[in-house]
Amino acid sequence: MAVVSKKIPAPEKVRIRTALLSVSDKSGVVELARALADMGVKLLSTGGTYKALVDAGLAATDVSDVTGFPEIMDGRVKTLHPNVHGGLLAIRDDADHVAAMEKHGIGAIDLAVINLYPFEAVRAAGGDYPTTVENIDIGGPAMIRASAKNHAYVTVVTDPADYAELLEALHQDGCQTPYSLRQKFAARAYARTAAYDAAISNWFAEALSLDMPRHRVLGGVLKEEMRYGENPHQKAGFYVTGEKRPGVATARLLQGKQLSYNNINDTDAAFELVSEFLPENGPACAIIKHANPCGVAVGKSLKDAYTRALACDSVSAFGGIIALNQILDAETAEEIVKLFTEVIIAPGASDEAQAIIARKANLRLLVTDGLADPRAAGLTAKTVSGGLLVQSRDNVVVEDLDLKVVTKRAPTATELEDMKFAFKIAKHVKSNAVIYAKDGQTAGIGAGQMSRIDSARIAAQKAEEAAQAMGLAEPLTRGSAVASEAFYPFADGLLAAIAAGATAVIQPGGSMRDAEVIAAADEHNVAMVFTGIRHFRH
């Protein structure tokens, strides 16, 4: 049953006379409390916050003196009391509420400065089950929600980053807050408790192995508001979830202008791809354009890996994203700055490389201090009209698969390495995806076509263009391995790859016409292996 409003208008300004401060993150709280006290505000506080204020020489009242009840149960129960929640929830202009306050000796609380137990930090640090549970805040969210509901009369602040904005408003207007500010802070407060509860519910789902819980909520913190989204007429913001995964969300921007929406999307795709290549196995480079790779390679050096990746499609690489699996060195940096590039992302960058990149003022350089673990579990999400699609991260790695040779001829050791290399890349190419690879270098990439045979042909055409640009007698598809991220529904796609010169094929298998496809491979003496795993990417 809905509760009917008494329709009492909110006052435009509310004088702050009493403030309740109860914070886990004590950054700036003493300075805030001192400024409030200088304006004549009475300070109420709890536990560790109370001690911090008193130790700083401030006059504060312990909440237990307000409730007439000591903190009990290791501090689990201290603010869950009518003298606190009545002071936060009372409608000051409602006669019945005022009478109840007078009858029960409840004082009004005009400002609530509250932040929560560090649940997210404890979870990220890998806290055990009891420790994580103990860091689920109860009293804090209850007070925040109470204060935010009653924002007509109460100002609620949940983040130290907002202290300056609060004090500016109080100094400007005689220790009063305008209704618009109270509304803004209330909106932030509910968003904070929503994200907090989302983190808790997702932790429970993970801890209890609930792959698809009945309710799924994803929370994030605004890292930056963007100039626009995919297109200039769209608004956008970059929110971070707190997941401690090396990548664009956790990287440090060493130089360059603000990343755009498309930059972030493409850079994420690039770094996730290059993270498939362990640095101890040698240098690797991935060049991305519009979330698809236009060249990937391993090499004897980082510069070698970059130049080999660039050779696959140097035209498309213009204005692209470059991801490296090792620390950027000066030699590679000198090569990269010869071509217009939007972003470089790498685990690190030498001082010499940074100085070289600095010559290009707008070129963004991101460092991640590590690679993303391609085997790590996690979630990905995509919005649809009226809904949210959530799935586990595609964390299958080709080295972990039991590859099945299905043709008369088995692949050579070199072909097998190129097969695995190509299949790693296929995982990161929009479907339908076809990738030719030779000697640890992409020869041609066909992405996102409605027909698999078209992807095969486009990739072969790219290889021919690359051969002409490099002055080669024939394209690198001659004697290459070809990967398809999903099965061949017909033999035609395979035949197109064979026509381009592929001698080995890696694909998931599982088509109703597998026998027909295998027979076509045998007819042309082509080796084929099945992975049993597909990598659709839409």
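The values are calculated or read from the model by the stated rules, or taken from the named source; none is laboratory data. Please read all numbers here as calculations on a predicted model, not as lab measurements. Here the Cβ positions follow ideal geometry from the backbone for every residue, glycine too, while neighbour counts run over all protein chains shown. These area figures cover heavy atoms from the full protein model, side chains too; ligands, DNA and RNA do not enter into them. Shrake-Rupley method; radii C 1.70, N 1.55, O 1.52, S 1.80 Å.
Relative contact order for segment 143-236: 23 percent, from Cα pairs under 8 Å spaced at least 6 residues apart, divided by residue count. Nonpolar atom fraction for segment 225-266, defined as the carbon and sulfur part of the 1.4 Å probe accessible area, stands at 46 percent. Rounded to the nearest 5, the antiparallel percentage of DSSP beta bridges internal to the chain is 55%.
Gyration tensor over the Cα atoms of segment 161-245: the corresponding equivalent ellipsoid has semi-axes (square roots of 5 times the eigenvalues, largest first) of 32, 20, 11 Å.
Scanning the chain for DSSP H helices at least 30 Å long along the axis (C-alpha atoms) with a Kyte-Doolittle mean no lower than -1.0 picks out 179-207. Averaged over its residues, the chain has an accessible area of 48 Å² per residue, based on protein heavy atoms and a 1.4 Å probe. Computed from the alpha carbon positions, the gyration tensor of segment 147-292 leads to an equivalent ellipsoid with semi-axes of 37, 22, 14 Å, biggest first. In the neighborhood of residue 373, defined by Cβ-to-Cβ distances under 12 Å, what is the net charge if each Lys or Arg adds +1 and each Asp or Glu adds -1? Around residue 373, the surrounding residues sum to +1. Across segment 374-480, Cα pairs under 8 Å and at least six residues apart give a relative contact order of 16 percent.
Just the protein heavy atoms count here, and of the accessible area of segment 8-69 at 1.4 Å, carbon and sulfur take up 49 percent. Accessible surface of segment 353-443, 1.4 Å probe: 50 percent of it comes from carbon and sulfur atoms. In terms of its C-alpha gyration tensor, segment 45-128 has a prolate overall shape, because the principal axis ratio a/c (a ≥ b ≥ c, square roots of the eigenvalues) is not below 1.5 and a/b outweighs b/c. Under the convention that each Lys and Arg Cβ holds +1 and each Asp and Glu Cβ holds -1, the size of the dipole of segment 413-538 around its Cα centre is about 520 debye. Kirkwood hydrodynamic radius of segment 131-207, from the reciprocal of the average inverse Cα-Cα distance over all distinct pairs: 13.6 Å. Put simply, the amide H of residue 480, placed in the peptide plane, has neighbours under 5 Å in 502, 503, leaving out anything fewer than 5 places away on its chain. Applying the Karplus relation 6.51 cos²θ - 1.76 cosθ + 1.60 with θ = phi - 60° to segment 108-122 yields 3J(HN,Hα) values of 6, 10, 9, 9, 10, 10, 9, 10, 9, 3, x, 4, 4, 5, 5 Hz, where x marks Gly and Pro. For segment 360-384, the residues whose amide N sits under 20 Å from a probe point set 7 Å from the Cα of residue 230 along the beta carbon direction are 380-384. Computed over the chain, relative contact order equals 9 percent, with contacts defined as Cα pairs under 8 Å that lie 6+ residues apart.
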